[in-house]
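Notes follow the structure.
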Number of protein chains: 2
Amino acid sequence: MPRPRTFDLDVAVRAACDVFWRRGYEATSLADLEQATGLNRSSLYQAFDSKHGLFQAAVRQYLDEVAAPRLAALESPGAGLAELAAYLRGFGASLRAGAAAGSRGCMVVNAIAEVSDRDAWLRERGASYQNRILEAVAGALRTADRRGEITTGRVDQRARMVTAAVMGALVTAHLDAVLAAEICEDTAGEVESWRGSAGHRPGGDLRP
Amino acid sequence: MPRPRTFDLDVAVRAACDVFWRRGYEATSLADLEQATGLNRSSLYQAFDSKHGLFQAAVRQYLDEVAAPRLAALESPGAGLAELAAYLRGFGASLRAGAAAGSRGCMVVNAIAEVSDRDAWLRERGASYQNRILEAVAGALRTADRRGEITTGRVDQRARMVTAAVMGALVTAHLDAVLAAEICEDTAGEVESWRGSAGHRPGGDLRP
DNA sequence: CCAGTTCTGTATCGTTCGGTGCAGAACGAT
DNA sequence: ATCGTTCTGCACCGAACGATACAGAACTGG
């Protein structure tokens, strides 16, 4: 019985996400959001309650549609060293591709740096997503360890370092997208160098 | 013959820096800056021309008084693997110390993520400072390489990864200061593991 | 067709924003 | 002491901010 919405929520959120990504939270005005979404304030407030509500929707969508897909292959149960390296090289390629158009890093990393100190919701979301990445990376390293691809323990330590390096690359993207891409590729190279390098693999390769 | 300024410029900039560091650029209002510095707008505008002028002064001071000193030991000519590890552990210790009070990362990293896309001056400054870190880290690795402490090439690649990991830790500081500290310590551990690990050091230790 | 609800556009709310004008106080040079 | 300059506090500017009120259009269920 209610009049149905005449616009697509997802499309609007995607447009809003784009603006928040490019300009950050504080510097994005309602006028910007109206222009980007093609909706007026009434519709935005009807759908999202507040600027912050729209921001939350944008972050959720970003995590679901941009961040999570990139992580998918790494989170698959069989992922090992090769998948971790591929994840990092994929990141590098994506940054390299975006180098021409101004690179704007990662929306969530940007938001964490800007507003997480006074936005508990974002802090929570950001922390949980970082943990998800951390777990995916550590999982791949554990798998590699179990397979004998690498031998030293230090899996969690290395996972933390690699995850942080990616975050650093995403900040660097604002300054120099090519350098940011190199960071990812260098990290991939380092990860690949762990293959049997340190610790003189005990039992040799288990696979034929 | 002019009436001399009755306040200390450095003290005022330091106070302003503190606010920008904590709240970011956009979210910091002139009222905030008046309160933090104890000065009123007229004096601020007289001394710094604009909010952005004060921000620039704050960034300059931050780089000189907060960031650069931390880098000093690493930039000294004799710095090698031990100094790099010490730099990283120092960062970790500092993050751990700030964990109780809310951690706010690095002012410049925050600013890069927030406004560098539309602030060419900051982008320039940020890039040049990142290069300085990069050079310091690479220099230490080169020294270590020359001394035979490590053997694989890949010095530049590793320098980029380490620098990025530190930047990632500084973003992480907003979410979980202890985790951020661990990242630095883990990276230090990884750096230390490069000592003679990969490539079977050729000539043994040159020092007695 | 009607009743009931929701959507959407305009117009506007009060607040806060960065920035200025101005008058008088405070100082150094002479 | 006087002049010239600068500093400092207060009031205030127009613009932009996020958010809302309200009226009329649009739609569904009956």
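Here, each number is a calculation from the coordinates, and none is a lab measurement. This is a predicted model, so every value here is computed, not measured. When we count neighbours, we look across all protein chains shown, and the Cβ atoms used for this are built from the backbone with ideal geometry, even at glycine.
Can you give the angle from 0 to 90° between the axis of helix B:120-146 and the longest principal axis of chain B, with both taken from C-alpha atoms, to the nearest 10? Tilt relative to chain B: about 20 degrees. Shape of region B:111-185 from its Cα gyration tensor (a ≥ b ≥ c, root eigenvalues): rounded if a/c is under 1.5, otherwise prolate when a/b > b/c, or oblate? Here region B:111-185 falls in the oblate category.
Springs join every pair of Cα atoms under 10 Å in this Gaussian network model of chain A, and among A:102, A:90, A:80 the largest mean-square fluctuation is at A:102. Across region A:70-208 the C-alpha pair distances fall into 5 Å bins from zero in the proportions 2, 11, 18, 20, 18, 14, 9, 5, 3, 1, 0 percent. Between copies, residue B:147 shows label-point distances of 3.8 nm, shortest first, with the point placed 7 angstrom from Cα along Cα to C-beta. Placing a label point 7 Å from the Cα of residue B:93 along the Cα-to-Cβ direction, the distances to the matching points in the other copies come to 4.4 nm, shortest first. Highest mobility in the GNM of chain A, judged by mean-square fluctuation with C-alpha springs under 10 Å and restricted to A:124, A:185, A:83, is found for A:124.
Sorting the segments A:34-47, B:8-21 by their mean number of nearby beta carbons within 10 angstrom, highest to lowest, gives B:8-21, A:34-47. For a test of the definition: using alpha carbon positions, the gyration tensor, and the 1.5 limit on a/c, classify region A:58-124 as rounded, prolate or oblate. Verdict is oblate for region A:58-124.
How high is the FRET efficiency from residue B:3 to residue B:72, r the C-beta distance, R0 22 Å, rounded to 0.05? Working shown, then result.
Values: r = 38 Å, r/R0 = 1.73.
Efficiency, rounded to the nearest 0.05: 0.05.
The length gained by stretching the chain between residue A:146 and residue A:50 to full extension, at 0.36 nm per residue less their Cα-Cα distance, is 29.7 nm. The C-alpha atoms of chain A define a longest principal axis, and helix A:9-23 lies at about 70 degrees to it.
How high is the relative contact order of region B:75-208? Use alpha-carbon pairs under 8 Å, at least six apart in sequence, and give a whole percent. Walk me through the intermediate numbers first.
Working: 155 pairs, mean separation 54.4, N = 134.
Averaging sequence separation for qualifying contacts and normalising by length gives 41 percent for region B:75-208.
Less than 5 angstrom separates the built amide H of residue B:150 from those of B:145, B:196, all sequence-distant by 5 or more or on a different chain. A simple count of charges around residue A:68, restricted to other residues whose Cβ falls under 11 Å of its Cβ and scoring Lys, Arg +1 and Asp, Glu -1, yields 0.
With a ≥ b ≥ c taken as the square roots of the eigenvalues of the C-alpha gyration tensor of the protein assembly as shown, please select rounded if a/c is under 1.5 and otherwise prolate if a/b is larger than b/c or oblate if it is not? Mind dumping the intermediate values first?
Values: a/c = 2.43, a/b = 1.25, b/c = 1.94.
Since a/c reaches 1.5 but b/c is at least a/b, the shape of the protein assembly as shown is classed as oblate.
For chain A, the longest principal axis of the C-alpha atoms and the axis of helix A:155-172 are separated by about 40°.
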